[in-house]
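One structure is given below, encoded as structure tokens.
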Amino acid sequence: MRPINPGNAHDNIVLPTTITKSSLANFTRLTSIRISSSVLVIEDSSFSQCKLLRSISVDSDNMHFASINGILFTKNFDTLLCCPSQHPFLHYSIPTSVTSIGDSAFDGCSHLRSITIPTSVSSIGDSVFSNCNLLQSITIPTSVTTIGNSAFSGCSNLQSIIIPTSVTS
């Protein structure tokens, strides 16, 4: 693969072994990305600048990350890292293997209207659902003890949210 021109959404990207938010900050036209086996670390909010991203795939030889239907997880599927902002799901059920949802994981998901969070989840990151303009309602299960800052900021159509007493921060 060759280094890319940020203005071209169809070039192949040579990713560093650590992906940070600043690594992809200039790639605003990126529509899909493949995480190679050489990527070792993906920091929170790494894809939040990629407003046209529809899908993330992961090389099967990667020892740290995996994807299901274009959504990025840690390899053992215990942390949901990123649902691309242009992913076509209207309704999404988080897999029951997930115990935490990373910072900005659903940031700007423009199609998402509802989400089911399983009882396996205990923590929800900062800005996790921010700018999900079509999100209408959400129920937080009693297993959740932590919800990060600005988790629902910019959710202009959010009409109902149920936060259980188990949430302590």
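The values are calculated or read from the model by the stated rules, or taken from the named source; none is laboratory data. In this text the structure is predicted, and so the values were computed from the model without any measurement. Cβ: placed from backbone, ideal geometry, glycine included. Neighbour counts: every protein chain shown. These accessible areas exclude ligands, DNA and RNA; they are computed on the full protein's heavy atoms, side chains included. Shrake-Rupley method; radii C 1.70, N 1.55, O 1.52, S 1.80 Å.
Put one equal scatterer on each alpha carbon of region 107-169, apply the Debye formula with no solvent term, and list log10 I(q)/I(0) at q = 0.15, 0.25 1/Å to two decimals. With no solvent term, the Cα-only Debye profile gives -0.40, -1.10.
Taking θ as phi - 60° and the Karplus parameters 6.51, -1.76 and 1.60, the scalar couplings of region 87-100 work out to 4, x, 4, 8, 10, 9, 10, 5, x, 6, 6, 6, 10, 9 Hz in sequence order, x denoting glycine and proline.
The distance separating the Cα centre of region 30-91 from that of region 131-169 comes to 22 Å. The order of the peptides 88-99, 27-38 by mean Cβ neighbours within 10 Å, most packed first, is 27-38, 88-99.
If each Cα of region 61-143 is one equal point scatterer, what is log10 of I(q)/I(0) from the Debye formula at q = 0.10, 0.13, 0.20, 0.23 Å⁻¹? Reported log10 I(q)/I(0), two decimals: -0.21, -0.36, -0.86, -1.15. Rolling a 1.4 Å probe over the protein heavy atoms gives the chain an accessible area of 48 Å² per residue.
Backbone amide hydrogens, once placed in the peptide plane, bring Phe65 within less than 5 Å of Lys75, excluding anything fewer than 5 places away on its chain.
With all pairs of separate Cα atoms included, region 22-76 yields a Kirkwood hydrodynamic radius of 11.5 Å.
The share of accessible area on region 62-164 that comes from carbon and sulfur is 51 percent, using a 1.4 angstrom probe.
The relative contact order of the chain comes to 13 percent, based on Cα pairs under 8 Å that sit 6 or more residues apart.
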